[in-house]
Each structure stands twice: as C-alpha cells, then as structure tokens.
Amino acid sequence: MRIGVDVGGTNTDAVLLSGKKVLGAVKRPTSGDVSSGISEAIGALISECDVKPGEISAVMIGTTHFTNAFIQRRELVPVYAMRIGFPAARGIPPFASWPEDLKTLACGGSAMVPGGFEFDGREISPLDEAAIAEVVTEARAKGLGQIAVSCIFSQLNADHESRAAALISELAPEMEVSLSSELGRVGLLERENAAIMNASLRPLAETITAAFHRALEEQGITAPFYISQNDGTLMSADYMQRYPVMTFAAGPTNSIRGAAWLTGANDAIVVDIGGTTSDVGVLTGGFPRQSTVHVDVGGVRTNFRMPDILSIGLGGGSRIHEDGDTVRVGPDSVGYRLLSEGRVFGGDTLTASDIAVASGQISFGDPERVGDLSPALLSGARAAISHLIDDAIDRMKTMPGDIPMILVGGGSVLVSETPRGVSEMMHPDHAGVANAIGAAIGQVSGEVDRIYNIADSEARSEAFADAKAQAKADAISAGAAPDSVEIVNIEAVPLQYLPGGATRVVCRAVGDLAMAE
C-alpha cells in the first residue's frame, strides 16, 4: 500500500492506494510548519481506512514549498556564482538579468575563471585551478555555504565543472556545490540560473526533508518517502536535498499523471481547477508534455525540465464581477477564505462556487442564499467560465481536430458542458485528489540533454547509444529499479548555426521505483 500526499498552498491532500484501488482520500488545511498538516492528513487517512502504519510500504509527497519560496522571495540563502569560460563568456555576468529584489537576496558574489569548451568538445582554454582557489577563499571570507558552478558547453563536456567541484570540496569541505550540467539544458545563462536557484534553496530542502521525516514519525510510519519531480516522476529525499529545483511545478504535473491513471487515457488535455487558478496541461504517452521554451520562475529565465502548463485565473473562489450587461469571472479570488466569504457559506462575496450552486451543478452550503440571483447573471457567469476554459484549451492544442479532456481538481464542478474542441469530457471518481494520486503512482526518470557532433550514420548510432546509457544511469541513480528502466523518448535536433553536424539529443528514461527491503 502506498500513500500519496500533495502539499498545496491551501490544502494538503492524502490518498491511500492498494495496487490500482483507491482505499481512501482526505483533505486537510496546509499548516505553516509543514509537518503538522501532513501528519494530520495522514493520520486521518489511516484512521479512516483502518490500516496499521506498518502496512504502508512507501509515502510519496508532492510539494509547492520550493516554488513558493522562490516566487515569494523567502527562505533563500546567498550564493556565490562561479562561471568557467573567461574571457569568452565575459559579456553578460552572472545575476545580470535577475530582478533586483531577488538579486539582493540570492547574490553572494560572482567570478569568471578561464576554462570551458567549444561546441565540439575542444577546450577554449585550460581550467585555471589557482583562480578557483581564489574564488573559494573569497566565498569563505563572506561566510557563504553555497557555490553554483557553470561552464560553457558543460552539457557536452562536464570535466571542468566536475574538477571545480572536486577542488572546492578539497579546499572547503563545508561548502555545498551545485553544478549547472546536472540541472539545466542547452543555454549557458539559463543553465547557470538553474544552478544558482538550486543552491539558494538547498538549506530549505534540509528543513523540509526533516519536516517530512517528523510528520511520518508522528504517525508511526517507518516506510521510506519520496518526493515528486516536475516531470511526473519521483526522487529520493537525499536526491531532493541536492536538487530542490526539480520539484518546481510538481503539483500540476501530479494532477496530469493522476488524471491519466484514473481514466486510463494516454493522450488528452487535462484541466485542473483549484480554488484560485486552473492549470491546463497536455498528456502525451501517459506523461505531461514538456515545455520546449525557456521558463520564467519568479522573474528569472531558466531551462531545467518543466511541464508545459498554462495557468488561468479561474477557480472555485474566483470573484464574479458585474459591469452593466457584462459578467466577468476572476482573475481575483477569495482563495482559502471561500468557506467564510462565499455567499453560500454566509459571506458577502459572489464567487464562481455560488454560481455553480445557484445553477444546480452542485449542492453545498446554503443554496437559499443565492436563490435571488437573476437568470441573466447566472447565464453570463457560466458563459464567461466556458469562454475561459475554451480559450485555454485552444491555446494548448497543437493540432486541429477534437481531443479528449480530463477534468480534475476540487473546482471541477464549475464546468458542466463539454468545451469546444473537446471530443469527450471525462470527470473520474476521486478527481478532487488527482494530484495526490499522481504523487502515489510516480515512477523514476533520468534525462540527458546534450550536443553531439554527428557527421554520419555511425556517429548518430554512437550518440544515441551514449545518450540512452546516460539517461538510464541517471534514472537508476535517482532510485529506479535497474531491470525496469526503459527509454520513453529520444529526440535529435540538428543545430543549423553550428558547423560539423552538431545535433542536440534529448533522451528520457523511466523506471519503476526500487522499493527498499
């Protein structure tokens, strides 16, 4: 039996799965200290399902803590950024494009040292180890504990980054090092940003890991726990402490994976409607479609793997605005205050949930409190909600023709009619906790994104074999059972602006979780 937990900004959802059967599900308010909210949700779940803590074989947790910390500029530590590639990469220094408020918190200093590679693997210049020693001395003098190391074309050849990390460990064993080659994709500045973001969150990752441990101990659960990544797969607690940025966007990703599991669909549009926003994603081959463009997180451009998600301001707590004959829904929302401010719950704010109750789509609260709403208002609000959903689906589709849609989330009651462009609307049982189910069913993945010099078919075969081997090794190191790992996707894109058959190869491997004995 597995427990899946999704720690959201408002609610913490928990589900218990036995094989392919959902034994129970609960929702509890998220707590400020993290652990007590999780403990309460899990405690209520195992009590409701009448199971013993010793019967649980694993706990999977999805969390938004790291995304929220970065966006809200809290609990971040200063990082020293070292870029290897001087003088070729001196044009735009580290932190150059960061918002000033975030730069003030995260920038502990920066330096550029000689080294780096050309796209074909040749050295730009030898690595300057003396300069690295000077960087460590300066970072130590500032009292910093985190260093982010980036290098030109390190996704092609990571030798200089690896050597720099080894030197830092020798000179300052107390410092933690984040390498861009382990986090980002093609693009030096974005990959460097990913390493800096990761380093700034590592102390918080230790705190969150301890909170998760504490929550499980309070319930007497000794089974191992795993954390959801942003590609719909899992990582161990140790792995999360090294790479906390890999949890970004794990919530919407889990909803998409949970929707696939609940319906059996492999290809569909998934609409996850919460209390404040709706996340629209695309299910491709059972996994979320990955974004192919640079992603902006808290005002910083980065390029680590992220699901292709469109968020719109539509949720159960969205406010209804009347402007003459026009009715507008959101994007502002009462959020977690819905149970006190919504009309059907005794408040004075008209929300999308009130419209759903007044229209007979759902029954909760006191329906009499919305009995005086005019038919024109109800019709206008429903039309505005439909327009928001229709537009979001249209923006996420990449080909003509209708496509199946899966509706999940606590606010899914807002949609009563099949949207335009949808061939079939599925609203499965347990749709309200699809995110926690997505966490519980997670597998483990590994990914490689590298540039190879492919001059002929033989070189192409060698490049593919190398990418597949590295992706499988990454999956196994992240906790996958070696015998279960298989390649699920491999893409090759020729880079026209580079000579010599330069080709970007992206390869992804997925395997089942290697359960601890």
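The values are calculated or read from the model by the stated rules, or taken from the named source; none is laboratory data. Since this is a predicted model, take the numbers as computed values, not measurements. A quick note on method: Cβ atoms are made from the backbone with ideal geometry, for glycine too, and the neighbour counts reach across all protein chains shown. Quick note on the areas: whole protein, heavy atoms, side chains included, nothing else; ligands and nucleic acids left out. Shrake-Rupley method; radii C 1.70, N 1.55, O 1.52, S 1.80 Å.
Listing for the model above:
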item: Mean residue ellipticity (222 nm) of the chain, computed from DSSP H runs ≥ 4 via -39,500 (n - 2.57), nearest 500; result: -10000 deg cm²/dmol
item: Using θ = phi - 60° and Karplus 6.51 cos²θ - 1.76 cosθ + 1.60, couplings along segment 176-193 (whole Hz; Gly, Pro as x); result: 9, 10, 10, 9, 5, 5, 8, 10, x, 10, 5, x, 4, 5, 5, 5, 4, 4
item: Mean separation of Cα contacts under 8 Å, 6 or more apart, over the residue count of the chain: relative contact order %; result: 14 percent
item: Beta bridge orientation in the chain: antiparallel %, DSSP, nearest 5; result: 60 percent
item: Accessible area in the full protein assembly, largest first, 1.4 Å probe, for Lys20, Lys103, Lys27; result: Lys20, Lys27, Lys103
item: Accessible area expressed per residue, segment 31-88, with surrounding protein chains retained (probe 1.4 Å, Å²); result: 37 Å²
item: Trypsin sites (Lys or Arg not before Pro) within segment 375-445: DSSP coil, no more than 16 neighbouring Cβ in 10 Å; result: Lys397, Arg420
item: Segment 289-429 - charge dipole about Cα centre, Lys and Arg +1 at Cβ, Asp and Glu -1, debye rounded to 20; result: 540 debye
item: Fraction of accessible area attributable to carbon and sulfur, the chain (%, probe 1.4 Å); result: 49 percent
item: Number of Lys pairs (Cα under 22 Å; 8 or more positions apart or on different chains) in the chain; result: 4
item: Segment 404-517, dipole about Cα centre (Lys/Arg Cβ +1, Asp/Glu Cβ -1), debye to the nearest 20; result: 340 debye
item: Accessible area per residue in Å² at 1.4 Å probe, computed on segment 362-517; result: 50 Å²
item: Dipole of the chain [Lys/Arg +1, Asp/Glu -1 at C-beta], most positive-end residue of Asn193, Leu350, Met112; result: Met112
item: Equivalent ellipsoid semi-axes - Cα gyration tensor, segment 1-106, angstrom; result: 42, 16, 10
item: Cα centre as origin, Lys/Arg/Asp/Glu Cβ charges: the chain dipole, Debye; result: 200 debye
item: Where segment 126-245 is the region considered: accessible area per residue in Å², 1.4 Å probe; result: 34 Å²
item: Sequence of Ile269, Ile487 when ordered by accessible area, the most exposed leading, probe 1.4 angstrom; result: Ile487, Ile269
item: Three principal axis lengths of the chain [C-alpha, angstrom, descending]; result: 76, 52, 47
item: Residues whose placed amide H lies under 5 Å from that of Glu118, excluding near-sequence neighbours; result: Glu123, Ile124
item: Extent along principal axes [Cα atoms of segment 362-517; Å; largest to smallest]; result: 73, 49, 22
item: Relative contact order, percent, segment 234-300 [alpha-carbon distance under 8 Å, six or more residues apart]; result: 24 percent
item: Shape category assigned to segment 85-188 from the gyration tensor of Cα positions, a/c cut at 1.5; result: oblate
item: Solvent-accessible area of Leu127 with every protein chain in place, 1.4 Å probe, in Å² to the nearest 10; result: 30 Å²
item: Heavy-atom accessible area order for Ile71, Ile490, largest first, 1.4 Å probe; result: Ile71, Ile490
